[in-house]
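Accompanying notes for the structure given below.
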Amino acid sequence: MNPIPFNRPTIVGNELAHIQEAISRGNISGDGHFTRECCALLERRFGIHKVLLTTSCTSALELIAWLYELGPGQEVIMPSYTFVSTANAFLRTGAIPRFVDIDPETLNLDPAAVADAVNENTAAICAVHYAGVGADMDALLALGARHKLRVLEDAAQGVHAWYRGRALGSIAPLAAYSFHATKNYTCGEGGALCINDDELALRAEILREKGTNRTQFIRGEVDKYTWVDVGSSYVPSELTSAFLFGQLERMDEIDERRREIYDTYTTGLEPLAAAGHLRLPVVPTDRVVNHHMFYVLTRDAGTRNALMDHLREEQIQATFHYLPLHTSPMGQQLGYRDGQFPVTEDLSARLLRLPFFHELLESDQQRVIKAVRRFFRD
Ligand SMILES: *Cc1c(COP(=O)(O)O)cnc(C)c1O
């Protein structure tokens, strides 16, 4: 029996040919032909004012903390159920991650919990679109407007997903995408800063390009480039962008394959859901998912762990997801304690993600479904 991995990066088209072309064009540093092609494609497809490719989603989040000038004493409301980068980006500039509990249906920020957490130190709200299902952005933007807070989207998992007709990443003034190897469209390590407020665009270009106005220089807007602000290096190489463009130009094909995998899991596991063994992912009717992952929720933590062990014995790699940040050593150091966010703790202990990648064979996926059904003797 062949092992079935949880994830596997895939070449879907012209990635290698594009890398070769980047080399022939004579420029493999940043912001050349392929970087521009990727940005233009993302802007056009998702209605984002300006996209700047970065070296990761983490670095795009760092740019956001910088652009929003979030500093010491200021609180950023975010879910505890997220990746460490969401919190790290703001800790770096001295701001405080203010964790709140999640909505049990979507596993995204619960607007009621956000409203409860707002105080005189609150400066921003960071939505995370878990599993490519949009957070309730209208409610979060309304809260932001009422309390004069910055709003941002950690849309790492949200590329090519929609909320009430708007693409994730195009809704808040600033948002971050990830092109990490575990995401739908990838170049190994990579990301993007999505800018929907033009007033933030110029400074974003400068911070990303070592504090210089080189990006304006490339556009021909200034006749030499110079040091104008503090900055750092968040520019990916053309080799990375060339690879990424090979995936982005096949976006619809990749999405279609992921939809098939998602629907096959749904159909195969629905009987277990009907029998009360599992809960399957919920996508509210006003949202379109990008089929980033497929998870199941078992009745209790013991069952989740036993199911994971059972699958491992069948050579199938299924994995749990975030350990709530507030229960981590760093979270405890920030003053949080176990038991503080019951929905987060409960769901994260019961969640299991099944193998999901572009080249997952139909026969292997059926093996996964049968193994899960066998576990429940269905
Ligand atoms: C993957 C992920 C990140 C980090 O992305 P990188 O590109 O690896 O920096 C941040 N936030 C969330 C929610 C993620 O899923």
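A compact table of results
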item	result
The stretch 82-100: number of residues that are assigned to a loop (DSSP other than H, G, I, E, B) and surrounded by fewer than 24 Cβ atoms within 10 Å (Cβ to Cβ)	5
Matching residues, the stretch 111-149, being of a type in the set (A, V, I, L, M), surrounded by fewer than 24 Cβ atoms within 10 Å (Cβ to Cβ) and away from the ligand (no atom under 16 Å from the Cβ)	A112, A113, A115, A117, V118, A123, A139, L141, A142, L143, A145, L149
Selected residue [touching a residue at least 24 places away in the same chain (Cβ under 8 Å) and within 16 Å of the ligand (Cβ to nearest atom)] from A65, A95	A65
Count of the stretch 43-62 residues which are within 16 Å of the ligand (Cβ to nearest atom) and either in contact with a strand residue (DSSP E or B) (Cβ under 8 Å, 6 or more places away or on another chain) or closer than 14 Å to F245 by Cα (or both)	11
Answer from A139, A127 - the residue that is assigned to a strand (DSSP E or B) and in contact (Cβ under 8 Å) with a residue 12 or more places away in the chain	A127
Index of the failed condition, A40 passing every other in (1) without any contact (Cβ under 8 Å) to a residue 12 or more places away in the chain; (2) within 16 Å of the ligand (Cβ to nearest atom); (3) aliphatic (A, V, I, L, M)	(2)
Any chance G246 is in a loop (DSSP other than H, G, I, E, B) and more than 30 Å from A87 (Cβ to Cβ)	no
Helices (runs of 4 or more DSSP H) enclosed by the stretch 289-378 - at least 1 residues per element that are among the β-branched types (V, I, T) and surrounded by 14 or more Cβ atoms within 10 Å (Cβ to Cβ)	301-313, 342-350, 362-375
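Laboratory data are not the source of any read-out in this text; all were calculated from the coordinates shown. Note that the structure is predicted; figures quoted are calculated from it, not measured. Virtual Cβ from ideal backbone geometry, glycine too; neighbours counted across all protein chains shown.
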